[in-house]
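The values are calculated or read from the model by the stated rules, or taken from the named source; none is laboratory data. Just so you know, these numbers come straight off a predicted model, no measurement behind them. FYI the Cβ positions are ideal-geometry reconstructions off the backbone, even for glycines, and counts take in every protein chain you see. The area values use the complete protein model at the heavy-atom level, side chains included, leaving out ligands, DNA and RNA. Shrake-Rupley method; radii C 1.70, N 1.55, O 1.52, S 1.80 Å.
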2 protein chains.
Amino acid sequence: MSNQETFVAVAMNAWNTHIERAEKLFFNLSKEQLHAEVAPGKNRLIYLWGHFTAVHDAMLPLLGFGPRLYPQLDTPFITSPDKAVADLPPVAELKKFWDDVTRKLSEGLAKLTAEDWLARHNSVSAEDFAKNPLRNRFAILLSRTNHVSYHLGQATLVSK
Amino acid sequence: MSNQETFVAVAMNAWNTHIERAEKLFFNLSKEQLHAEVAPGKNRLIYLWGHFTAVHDAMLPLLGFGPRLYPQLDTPFITSPDKAVADLPPVAELKKFWDDVTRKLSEGLAKLTAEDWLARHNSVSAEDFAKNPLRNRFAILLSRTNHVSYHLGQATLVSK
């Protein structure tokens with residue numbers, strides 16, 4: 001493994017660990033448990049799960065892996081706060097969305113070369129990227145891993 | 001900047017951003033606000049601040065930057081849960097601990113070469129590192145950044 005590949009492997013390891021933690025949490029909860037709030041008046045676990053799914057789905061075009069699979073998740077899980085949208089997808093459907101997004105993202109990430117990782121992501125223009133070469137795909141991976149960690153910290157506050 | 005340096009720069013950027021977020025949060029809170037719990041019965045903000053400081057202090061020997069500055073923080077902020085130790089350091093003292101640790105860590109991190117980042121950290125043996133070369137300094141940086149993110153997600157639940 002080259003040095004560049006090692007940097008990537010460490011970051012992919014962290015990403016995969018966080019995905020596994022999220023799955024271990026969400027896959028083992030009943031529908032009732034998924035409706036618990038992380039703290040009084042705060043987001044419910046099901047909202048966090050949908051939020052992760054929507055944010056990860058948006059990584060597909062951002063990283064150049066093709067169009068989004070489920071853009072309809074943005075309204076209930078990104079642009080609206082929790083409880084503002086009454087009809088959330090049923091749990092079984094949400095799990096399918098999560099599985100599909102996680103698989104497609106995983107396949108795309110596995111194919112990136114070191115050079116691909118350091119190329120710009122699709123929400124930064126070539127001009128802005130020339131000014132700040134840190135706005136690359138690798139930055140997206142680290143940022144989204146931190147994002148999972150941030151909300152998992154909240155999710156663990158729910159008493160078992 | 002070489003490709004290897006770019007991978008490091010992206011990760012250092014994420015680390016620094018998280019340190020700044022923690023400072024923006026903690027430095028602007030009164031003593032009373034620091035004693036708020038992130039959720040009923042859960043950790044207080046002052047505990048999280050001390051916890052970060054102790055965990056980051058432990059990064060110094062782990063990354064080869066010298067001995068710990070404040071090992072006495074482990075008992076109140078790592079090995080004991082919140083509220084188990086009655087006498088926490090006064091806020092002004094805790095801020096000094098944080099500042100000292102953050103500065104010393106920052107100086108050490110700034111000096112690491114790409115090769116240093118990929119070398120083993122001090123809690124893995126040479127033998128175990130040979131089996132798993134991902135247990136390097138870079139992995140520690142990503143893991144500790146995620147750790148800050150995890151608890152900041154909790155800290156933001158405190159209502160302003």
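In the range B:68-160, Rg over Rh equals 1.03, where Rg is the alpha-carbon radius of gyration and Rh the Kirkwood radius from pairwise Cα distances. Taking every alpha-carbon pair under 8 Å whose residues sit at least 6 apart, the range A:3-159 reaches a relative contact order of 30 percent. With helices as the sole contributors, chain A gives -18500 deg cm²/dmol at 222 nm; each DSSP H run of n ≥ 4 counts as -39500 (n - 2.57), and the sum is divided by every residue. Using only the C-alpha atoms, the convex hull of the range B:3-159 corresponds to 117 Å³ per residue.
Ignoring ligands, DNA and RNA, please state the percent of accessible area on the range A:6-160 from carbon and sulfur, probe 1.4 Å.
After summing per-atom areas, the C and S share lands at 53 percent.
Longer than 22 Å from Cα to Cα, which of A:LYS42/B:LYS31; B:LYS31/B:LYS83; B:LYS24/B:LYS96; A:LYS83/B:LYS31 are they? Say none if no pair is. From the list (A:LYS42/B:LYS31; B:LYS31/B:LYS83; B:LYS24/B:LYS96; A:LYS83/B:LYS31), the Cα-Cα distance tops 22 Å for A:LYS42/B:LYS31; A:LYS83/B:LYS31. Rounded to 0.05, the FRET efficiency of the B:SER143 and B:GLU93 pair, given R0 = 35 Å and the Cβ-Cβ distance, is 0.80. Using all pairs of distinct alpha-carbon atoms, the Kirkwood hydrodynamic radius of the protein assembly as shown works out to 21.0 angstrom.
When A:THR102, A:THR79 are compared by accessible surface with a 1.4 Å probe, the order from highest to lowest is A:THR79, A:THR102.
Using +1 on the beta carbon of Lys and Arg, -1 on that of Asp and Glu, and nothing else charged, what's the dipole of chain A about the Cα centre, debye to 20?
Roughly 240 debye for chain A.
Accessible surface area normalised per residue over the protein assembly as shown is 47 Å², counting heavy atoms of protein chains with a 1.4 Å rolling probe. Given a Förster distance of 22 angstrom, what is the FRET efficiency for B:ARG21 paired with B:SER159, based on the Cβ-Cβ distance and rounded to 0.05? Result of the calculation: an efficiency of 0.75. With its label point defined 7 Å out from Cα along the Cα-to-Cβ axis, A:PRO67 lies at 6.4 nm from the matching points of the other copies, in increasing order. Across the identical copies, the label point of B:VAL85 (7 Å from Cα in the Cβ direction) is separated from its matches by 4.5 nm, in order from shortest.
Each copy carries a label point for A:GLU127 at 7 Å from Cα along the beta-carbon vector; from one copy to the others these points are 6.0 nm apart, nearest first. Qualifying trypsin sites (Lys or Arg not before Pro) in the range B:3-109, where qualification requires a DSSP coil assignment and no more than 13 other C-beta atoms within 10 Å, comprise B:LYS83. Rounded to whole Å, give me the distance from the Cα center of the range B:68-97 to that of the range B:120-160. First find each Cα centre; the distance between them is then 21 Å. Distance between the 7 Å Cα→Cβ label points at A:ALA36 and A:GLU107: 3.6 nm. Note on B:SER30: accessible area is roughly 50 Å² with a 1.4 Å probe, heavy atoms of protein only.
For A:ASP116, A:ASP82, the ranking by accessible surface with the largest value first comes to A:ASP116, A:ASP82, using a 1.4 Å probe.
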